[in-house]
Amino acid sequence: MSASCDLAIRGGTIVTAADRFRADIGVRDGRIVEISERVEGAAEEVDATGLLVLPGGIDAHVHLAQPTSDGTVMADDFETGTRSAAAGGNTTVLPFAMQIKGTSLRDCVTAYHRKAEGKCYTDVSFHLIVSDPTPQVLGQELPALVRDGYTSFKVFMTYDDLVLSDAELLEVFDVARREKALVMVHAEGHDAIKYMTRKLEEDGRTAPYYHAEAHAEIAEREATHRAISHAQLTDVPIVIVHVSGRDPMEQIQWARKRGLKVHAETCPQYIALTKDDLKGLNMDFEGAKYVCSPPPRDTDSQAAIWEGLRDGTFELFSSDHCPFYFQGAEGTGKDNPRARTSFKWVPNGIPGVETRLPILFSEGVSKGRISVERFVALTATNPARLYGLYPRKGAIAIGADADITLWDPDRRDTIRQEKLNHGSDYTPYEGMEITGWPVRTILRGRTVARDGQVEAEATGQYQSRGVSEAVA
Ligand code: URP
Ligand code: ZN
Ligand code: ZN
Ligand code: ZN
């Protein structure tokens, strides 16, 4: 008998964003061609008995191989970053192609393609970061790039190298409306953070912990509201990314009640860490391991984030993987001589692409806070819908790419740096007990990772994206 499918996945419980059911999956030429009680002969058989069969994770917010301006070095390139992503149950990641001020956005995009080419273990697409919205960028480069399938871009309301003025934000939003692109906003008020930083430094409060005080939730709330106002004025949908707590969340809910097109993302650090982690041991420099922006808040904020994950305030749960070394070679890590003088020089960002899915599953599904369907929506289906990849990605359906993660809901393990594939020399989640792990990651019908180890070639492909469902 000639096998009609290349691969059959048998006996598992398929979970989508809407429902769960027992069925076999048949795969041919990298796509799902059959979902039925019994798929007949296939060249390769995978027994998924006792496992959940999920759409492969889509991590819609990761930073890989981004240059820095201070001599520190990002700990993941596309090889290690996507290796880590695949081991953690992901089949697609969306890193950023970051414009450096004074340079062409198109040239930056070309440079990131070169960095990624042939190196990826997951499929990859790029969001743009617009840091220099010159007339050339607004009038020519951005519109052309959106038409070429780069249908989302991020803007920053803080960071010296990236911050846009309100006038610039409005201009970028205007282009997004015209070109049907989705804007992602890093909403923290730059002047408020600078004011807080100066005050803290004047008082000699320079340890990593004070990063969390400088990046106050009030500054995040204010910027969130300001971004929403600009979006309303320009009539454009936006995503507020990496929302840390109750205050900014309430601004998003306020906007939604008024019918404004505001979407929201949150991240593992806001459910698994608090600002007390930045204290390290007795306010020592260990706290730098947890420095990211916005910073983790407190347990009340964590409770608020869970409410938002349950009630749909958050549609996206991404890692914001932004990996640095803690030590690193001379001057390249978070622990560098300048960072020792003030929290303001500690590179912002933490690794998390490999631990995103286990943390949300364990803390959310295993502990009964969210359903497994919601888990799928937050980590795969909604990112695909919002970023123009659906239904090719983020779905278990006939015709979809066979991007599938087999998940053991009962497997218990502990997060340990030595088991992770990322480039960083630490994980902020060291010692965290997890129930539920990805046991096999299948990319377009081929197994790429098993039990935390990548076992295939780097066959990840670039994905050109369509218009976001938030815009269409
Ligand atoms: O601290 C963070 N999150 N660094 C990554 C860059 C960003 O703002 O997303
Ligand atoms: Zn950001
Ligand atoms: Zn939405
Ligand atoms: Zn980020």
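The values are calculated or read from the model by the stated rules, or taken from the named source; none is laboratory data. None of these values were measured; they are calculated from a predicted model. Positions of Cβ are generated from backbone atoms using ideal geometry, with glycine treated the same way; all protein chains shown enter the neighbour counts. What goes into the accessible areas is simple: the full protein's heavy atoms, side chains included, and nothing from ligands, DNA or RNA. Shrake-Rupley method; radii C 1.70, N 1.55, O 1.52, S 1.80 Å.
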Output the number of residues of the range 456-472 satisfying the condition of being open to solvent by less than 60 Å² (accessible area, probe 1.4 Å) and either over 21 Å from the mean Cα position of the chain (by Cα) or among the β-branched types (Val, Ile, Thr) (or both). 3
Would you be able to tell me the number of residues in the range 224-257 that are more than 24 Å from Ala167 (Cβ to Cβ) and open to solvent by 10 Å² or more (accessible area, probe 1.4 Å)? 7
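If you go through the range 89-106, how many residues are under 26 Å from Leu360 (Cβ atoms) and not β-branched (Val, Ile, Thr)?
First, the residues of the range 89-106 that are under 26 Å from Leu360 (Cβ atoms): 89-96.
Subset that is not β-branched (Val, Ile, Thr): 89-90, 94-96.
Looking only at that region, the number is 5.
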Out of everything in the range 111-136 that is within 16 Å of ligand 4 (Cβ to nearest atom) and assigned to a loop (DSSP other than H, G, I, E, B), what residue ends up being surrounded by the most Cβ atoms within 10 Å (Cβ to Cβ)? Val130
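Does Phe361 satisfy the condition of being buried (at least 22 other Cβ atoms within 10 Å of the Cβ) and over 24 Å from Leu420 (Cα atoms)?
Numbers: buried (at least 22 other Cβ atoms within 10 Å of the Cβ): yes; over 24 Å from Leu420 (Cα atoms): no.
When the stated conditions are applied, Phe361 does not pass them.
So, of the residues in the range 319-337 that are part of a loop (DSSP other than H, G, I, E, B) and hydrophobic (A, V, I, L, M, F, W, C), which turns out to be surrounded by the most Cβ atoms within 10 Å (Cβ to Cβ)?
Going residue by residue through the range 319-337, those that are part of a loop (DSSP other than H, G, I, E, B) are 319-320, 322-323, 325-336.
Then keep just the ones that are hydrophobic (A, V, I, L, M, F, W, C); that gives 322, 326, 329.
Details: Cys322: 25, Phe326: 17, Ala329: 8.
Across the range 319-337, the extreme among qualifying residues is Cys322.
Please go through the range 286-303 and give me each residue that is surrounded by fewer than 17 Cβ atoms within 10 Å (Cβ to Cβ) and either in a helix (DSSP H, G or I) or free of Cβ contacts under 8 Å to residues at least 24 places away in the same chain (or both), ordered by number.
Going through the range 286-303, the residues surrounded by fewer than 17 Cβ atoms within 10 Å (Cβ to Cβ) turn out to be 298-300, 303.
Passing the criteria: Thr299, Asp300, Ala303.
Output the residues belonging to the range 157-167 that are open to solvent by less than 50 Å² (accessible area, probe 1.4 Å) and not in a loop (DSSP other than H, G, I, E, B).
We begin by selecting, within the range 157-167, every residue open to solvent by less than 50 Å² (accessible area, probe 1.4 Å); these are 157-158, 162-164.
If the condition is that a residue be open to solvent by less than 50 Å² (accessible area, probe 1.4 Å) and not in a loop (DSSP other than H, G, I, E, B), then Val163 is the only one that fits.
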Looking at the range 60-102, which of its residues are open to solvent by less than 10 Å² (accessible area, probe 1.4 Å), out of contact with any His (no Cβ under 8 Å at 6 or more places or on another chain) and of a type in the set (D, E, K, R)? none
Can you work out which of the residues in the range 196-212 that are outside any loop (DSSP other than H, G, I, E, B) and touching a helix residue (DSSP H, G or I) at 6+ places or on another chain (Cβ under 6 Å) is most open to solvent (accessible area, probe 1.4 Å)? Met196
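Among what's in the range 137-156 and is touching a residue at least 40 places away in the same chain (Cβ under 8 Å) and open to solvent by 10 Å² or more (accessible area, probe 1.4 Å), pick the residue that is nearest to ligand 1 (Cβ to nearest atom).
Across the range 137-156, the extreme among qualifying residues is Tyr150.
Being free of Cβ contacts under 8 Å to residues at least 40 places away in the same chain and closer than 15 Å to Glu220 by Cβ is the filter; apply it to the range 258-279 and report the residue that is surrounded by the most Cβ atoms within 10 Å (Cβ to Cβ). Write out each step before concluding.
So the first thing to find is which residues in the range 258-279 are free of Cβ contacts under 8 Å to residues at least 40 places away in the same chain, and the list is 258-260, 262, 270, 274, 276.
Filter again for closer than 15 Å to Glu220 by Cβ, leaving 262, 270.
Values: Val262: 24, Tyr270: 27.
Applying the filter and picking the extreme gives Tyr270.
Leu105 - would you say it is at pLDDT 95 or above, more than 22 Å from Asp425 (Cα to Cα) and open to solvent by less than 10 Å² (accessible area, probe 1.4 Å)?
On the way: at pLDDT 95 or above: yes; more than 22 Å from Asp425 (Cα to Cα): yes; open to solvent by less than 10 Å² (accessible area, probe 1.4 Å): yes.
Taking the combined requirement at face value, the residue satisfies it.
List the helices (runs of 4 or more DSSP H) that sit entirely inside the range 355-472 and contain at least 3 residues that are at positive phi and out of contact with any helix residue (DSSP H, G or I) (no Cβ under 8 Å at 6 or more places or on another chain).
none
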Selection within the range 1-23 - open to solvent by 10 Å² or more (accessible area, probe 1.4 Å), assigned to a strand (DSSP E or B) and within 17 Å of Trp407 (Cβ to Cβ): Arg10, Thr13, Arg20, Phe21, Arg22
Can you tell me which of (1) closer than 25 Å to Gly331 by Cβ; (2) in a loop (DSSP other than H, G, I, E, B); (3) away from ligand 4 (no atom under 16 Å from the Cβ) is the one Thr49 doesn't meet? (1)
Given the conditions (1) under 26 Å from Glu315 (Cα atoms); (2) not in a loop (DSSP other than H, G, I, E, B); (3) not small (Gly, Ala, Ser), every one holds for His242 apart from (2)
Leu260 passes all but one of (1) in a loop (DSSP other than H, G, I, E, B); (2) under 23 Å from Gly88 (Cβ atoms); which number fails? (2)
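How many residues are of a type in the set (S, T, N, Q), closer than 23 Å to Leu170 by Cα and within 16 Å of ligand 3 (Cβ to nearest atom) if we restrict to the range 233-273? Talk me through it step by step, then tell me what you get.
From the range 233-273, those of a type in the set (S, T, N, Q) are 234, 244, 251, 253, 266, 269; that's our starting set.
Keeping just the survivors that are closer than 23 Å to Leu170 by Cα gives 234, 251, 253.
Within this subset, residues satisfying the condition of being within 16 Å of ligand 3 (Cβ to nearest atom) are 251, 253.
Total satisfying the criteria: 2.
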